[in-house]
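Please read the structure below before turning to the comments.
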Amino acid sequence: MPTFTPHEIASLRAKYRAERDRRIRPDGGGQYRQTTGEFGYYAKDPYTERVERAPVTDRVDATVVGGGFGGLLTGARLRQAGLQDLRMVDEAGDFGGTWYWNRYPGIHCDIEATVYMPLLEEVGYVPKWRYAPGEEIRRHAMAIGKRFDLYQHALFHTRVTELRWDDDTAEWTVTTDRGDEFRSRYVVLSSGLLTQAKLPGIPGIEEFGGHTFHTSRWDYAYTGGDQSGGLTGLTDKKVAVVGTGATAIQVVPHLGRDAEHLYVFQRTPSSVDARDNRPTDAAVLDSVRPGWQRERMDNFLTVVTGGHADVDLIDDRWTATARLQRTFLSGTRAELTEEELELADFATMNGIRARVDAVVTDPAVAELLKPWYRYMCKRPTFSDEYLPTFNRANVTLVDTSGHGGITRMTPAGIVVGDDEYEVDCVIFATGFEVGISGILSGNLQVYGRGGKHIFEHWASGFRTLHGFSCHGFPNLFQLGPVHNANAVNFVHILHEQAIHIGALVGEAENRGARRIEPTLAAEDAWAATMDATAGDSFAFLSECTPGYYNNEGSPLPMNFSFGPGPIAFHELLRAWRTDGSWEQVLWND
Ligand code: NDP
């Protein structure tokens, strides 16, 4: 048990509260700008040329909206369920989702590749590195597309704009921004949560006269080099990077190494733990036998959600932190009091802050780089190179927290308070809109039976069965954490979601049913279960420093995901599939 005196506890609580309060902005989520309209060039695809094509007007068995891992996993399961004509649709130029768009220097996945990269066994691949570089992951996404024959009818650089159910033919009419209007028996929406790059609404942003881009559209024509670095175009350039989230943590070491001068504009420091990347362990290679990936995925999910596992197969900073927070204290996580959890959290964050002091030589800079909030208030990050970058003479940390961020931009650069920093290039590592794609964004209109819009169905609250489907919207499924599950390794959640959708569709095909949809009673029952099992994440997030995890300081008072956690949720789904609950779904000819 970590020991803290009452005075230490009180002063840590006060410090966290003060640091949070000075970052809260009255404009909350309204402080950002979308990369549309006059800022549309920030979102343009720099990787694949858009090719004109004739509109598509055919008929397919299933359409999957989104070619990231959620869509690919579902495509694979629908293929296994026996569907022939599958159409994948994505706004990107190829498969990969976030790994298609994000190709910045230093990009890696900070979750071990053996549990993050899906369908390794099916594709016959073993990752080369413990934490895979982005390009290896992107190529794996393409390999899944090839392995399950998902390129066949795929439409890239295409956005689905409308889905309309035709009850006579029991099909959806799918309309896109390329003039397509085709029919599909099933539709699955997997359009991702963090997809649209966002910009800070900094006054004067449009006046900046130098070069500028967002990290998710890296401009290698300007910087030179590639994802492994070597940014030779920057050796005579003064560069600004705005933001210090998980993306910036990976980019900054490369910019620091190659730019003439780098200014890092920070508002809230990230927690930066050790990385220790290395080639995939021999022990992992030896363990490759049927079921090996599933075993590692399940083990990781158990350990990071505070469950009991005899052995920690992944044994990295994610799992060590989760284990630390368990072993500091007696019993299982579920038995911990809020105060015990808080003490374990203080101990974890003290360790992270001590690491800053150990690495950063200038004590004033070190102080600015220390995160003062609870571990899961912001996305934890991992790097062995980020903190040492601030020991370089050509790197300046500009802390903007006292000003709520950057004050303004000018034709020559960036102003914070009264100080202007003249730069040649501004790189925005400012993250993504949350949930702007898919149904909830309002960019995709969905009309179910009788022409009812899905927002009408949700007029008095979100109604689904398990988050996947709605009454009156037959043969339509969506992936995502709402009314479903969430986890650090979200690909694991997507994996289970794809299995469930594949099972539902497979069952419909076996029964010869042309329509499947939940009953209204099943939706009511699920809403009641969500309420009865709701966790207390609202209370936790309300105390956190602002960011996209808590809607910039104003967490939404809704039961986002199943309270008892992902493992319990997956067990619930498995039991549902085997105990006859299929009757919660209408199967109609
Ligand atoms: P984030 O939203 O996490 O970070 C945005 C950054 O921009 C924050 O540091 C934010 O500060 C800063 N910012 C915003 N507005 C301003 C402003 N006006 N002035 C100064 N700074 C500003 O985006 P990322 O792209 O870093 O990460 C997004 C998500 O992508 C991660 O949380 C993670 O889920 C995922 N990711 C995963 C990786 C992996 O390895 N698995 C790697 C990279 C990303 P503040 O915190 O104060 O708001």
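Among the listed pairs Lys146/Lys198; Lys44/Lys238; Lys44/Lys128; Lys237/Lys370, give every one whose C-alpha distance is greater than 26 Å.
Working: Lys146/Lys198 32 Å; Lys44/Lys238 24 Å; Lys44/Lys128 31 Å; Lys237/Lys370 28 Å.
Too far apart for the 26 Å limit: Lys146/Lys198; Lys44/Lys128; Lys237/Lys370.
What Kirkwood radius, in Å to one decimal, follows from the Cα pairs of region 199-430? Walk me through the intermediate numbers first.
On the way: mean 1/r = 0.0506 Å⁻¹.
In region 199-430 this quantity evaluates to 19.8 Å.
Could you tally the net charge around His457, taking each other residue with its Cβ under 12 Å from the Cβ of His457, Lys/Arg +1 and Asp/Glu -1?
Taking every Cβ under 12 Å from that of His457, the sum is 0.
Let me know the shape class of region 64-128, please: from the alpha-carbon gyration tensor, a ≥ b ≥ c as square roots of the eigenvalues, rounded when a/c is under 1.5, otherwise prolate if a/b is greater than b/c, or oblate.
oblate
Please get the size of the charge dipole for the chain, origin at its Cα centre, with Cβ charges of +1 on Lys and Arg and -1 on Asp and Glu, quoted in debye to the nearest 20.
Values: 58 positive and 79 negative charges, 49 e Å.
About 240 debye.
Given the DSSP H assignment, sum -39500 (n - 2.57) over each helix run of at least 4 residues in the chain and divide by its residue total; what's the result at 222 nm in deg cm²/dmol, nearest 500?
-9500 deg cm²/dmol
For Ala10 and Thr337, what does the FRET efficiency come to when R0 = 22 Å and r is the distance between their Cβ atoms, rounded to the nearest 0.05?
Working: r = 18 Å, r/R0 = 0.80.
Once rounded, the FRET efficiency stands at 0.80.
State, as an integer percentage, the relative contact order of the chain based on alpha-carbon contacts under 8 Å between residues 6 or more apart.
The value is 20 percent.
Tell me the relative contact order for region 199-430 as a rounded percent, counting alpha carbon contacts under 8 Å between residues six or more apart.
Once divided by the residue count of region 199-430, the mean separation gives 37 percent.
So for Thr195, Thr244, what's the accessible-area order with a 1.4 Å probe, most first?
On the way: Thr195 45, Thr244 10 Å².
Final ranking, largest accessible area leading: Thr195, Thr244.
Could you list the trypsin sites (Lys or Arg not before Pro) in region 68-131 that lie in coil according to DSSP, counting only those with at most 14 other Cβ atoms within 10 Å of their Cβ?
Here the sparse-neighbourhood loop sites are Lys128.
Just the isolated ones, please: cysteines in the chain lacking another cysteine beta carbon under 4.7 angstrom.
Flagged as lacking a Cys partner: Cys109, Cys425, Cys470.
Using alpha carbon centroids, what distance separates region 461-505 and region 166-197, in Å?
16
Based on the Cα atoms of the chain, what semi-axes does the equivalent ellipsoid have, where each is the square root of 5 times one gyration tensor eigenvalue, given in whole Å with the largest first?
For the chain, the ellipsoid semi-axes come out as 39, 29, 24 Å.
What does the net charge come to around Lys370 if you take all other residues with beta carbon closer than 9 Å to its beta carbon, with K and R at +1 and D and E at -1?
-1
Accessible surface of Trp129 in the full protein assembly, 1.4 angstrom probe, to the nearest 10 Å²?
100
Report the GluC sites (Glu not before Pro) located in region 1-57 that are in a DSSP loop and have at most 14 other Cβ atoms inside 10 Å of their Cβ, or state none.
Glu49, Glu52
Considering the dipole of region 4-158 built from charges on the beta carbon (Lys and Arg +1, Asp and Glu -1) around the Cα centre, which of Phe148, Tyr16, Val56 is farthest to its positive end?
Going by the Cα projections, it comes out as Tyr16.
Going through the DSSP H helices of the chain, which span 30 Å or more along their own axis at the Cα atoms while scoring at least -0.5 as a mean Kyte-Doolittle hydropathy?
Those that clear 30 Å and a mean of -0.5 are 338-359, 490-511.
The values are calculated or read from the model by the stated rules, or taken from the named source; none is laboratory data. If you're wondering where the values come from, they're calculated on a predicted model, not measured in any experiment. So basically every Cβ, Gly included, is an ideal-geometry build from the backbone, and we count neighbours across all protein chains shown. Note: areas computed on protein heavy atoms with side chains; ligands, DNA, RNA excluded. Shrake-Rupley method; radii C 1.70, N 1.55, O 1.52, S 1.80 Å.
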